[in-house]
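These notes are about the structure you will find just below.
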């Protein structure tokens, strides 16, 4: 291949990348415009109902007539149920749009920015940089089914900041991410989750107890070896990293540590870019023992002394186990411990009721 061909290939790739990104942005803009339009349709419906004194029979008749006429002109997407969803969307989010923008992150350059100022019947909604409808309509349909406003706001922020697909949003909700993060937080911390999402500033912010590993397909009872669990996690690495949380990068598995003629192996090694720390994970199929904690302490000490660079923060160790005694963990580790943590894991999705019981018992 000659030099001119290489230059032409480079030109082609740069133009192709430009077109691909433009198409992505176009799709995002179309989704945003559609969501904003649905919000406005909901507003018109609510205002019309208020003029009709909010009689239930009046509302049903209006939606039925609207559905028929809009479908005839614009095609699918305007069923009575969907118009009702638009109405609900407005009633749920109109109060949110009137609150302070301090509850929302400053938008990035790549994210479209939308806020509706409280509009009058005669004036159209205006765009302002305080609020963003950046998720798809399907995302908002899912979010509206979450009854707790704080929980709903948390999932909205996380879906937006982490670019969750609808499937990922549904999985995190089904796996009770909000409840599990709430376990280690006081009332002020739980409120912060609702206002800002998950902020990773210290090791404790990463810890979930339990971790939900239903994507491995393993049974609830531990009729499998630690190596088999490790292999299933590697086979589903993307899902596992999503479950671990923000900022994780995979480093290796069965990473060898050598002390003279003795060799030890860390099951999984990650790096967290938010904390700038190595994260070591050891898998324990049964109940956690104090010897397991001591071994993890050795691994952490090794990484701190031999692997950590001067600008990096202390290494974090996480022991994933089927069962643990909090007392054993507490008395094995020093009182000021902020490096080694023990979390239980489950290979099936717990019910919301089970998670609520855990929160109440903390």
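Remarks
- Condition check for residue 338: surrounded by fewer than 18 Cβ atoms within 10 Å (Cβ to Cβ) and over 28 Å from residue 231 (Cα atoms): yes
- Being in a helix (DSSP H, G or I), within 28 Å of the chain's Cα centre (by Cα) and more than 22 Å from residue 174 (Cα to Cα) is a property that residue 228 has.
- Selection count where residues are at pLDDT below 85, more than 16 Å from residue 178 (Cβ to Cβ) and surrounded by 12 or more Cβ atoms within 10 Å (Cβ to Cβ), scope the range 205-237: 2
- The helices (runs of 4 or more DSSP H) found entirely in the range 260-362 include none that carry 3 or more residues being closer than 23 Å to residue 201 by Cβ and not assigned by TED's automatic domain parsing to the domain that holds residue 246.
- No other residue among 177, 183, 169, 135 is in contact (Cβ under 8 Å) with a residue 60 or more places away in the chain and surrounded by 19 or more Cβ atoms within 10 Å (Cβ to Cβ) apart from 135.
- When 201, 312 are checked against the criterion of being farther than 27 Å from residue 326 by Cα and surrounded by fewer than 19 Cβ atoms within 10 Å (Cβ to Cβ), a single residue qualifies: 312.
Per-residue answers, yes or no, for (1) closer than 16 Å to residue 137 by Cα; (2) in contact with a strand residue (DSSP E or B) (Cβ under 6 Å, 6 or more places away or on another chain); (3) at pLDDT below 90:
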residue: 71; (1), (2), (3): no, no, no
residue: 77; (1), (2), (3): yes, no, yes
residue: 85; (1), (2), (3): yes, no, no
residue: 89; (1), (2), (3): yes, no, no
residue: 93; (1), (2), (3): yes, no, yes
residue: 97; (1), (2), (3): no, yes, yes
residue: 102; (1), (2), (3): no, no, yes
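The values are calculated or read from the model by the stated rules, or taken from the named source; none is laboratory data. Quick caveat: nothing in here was measured; it's all calculated off a predicted structure. No Cβ is skipped: glycine too gets one built from the backbone with ideal geometry, and neighbour counts run over all protein chains shown.
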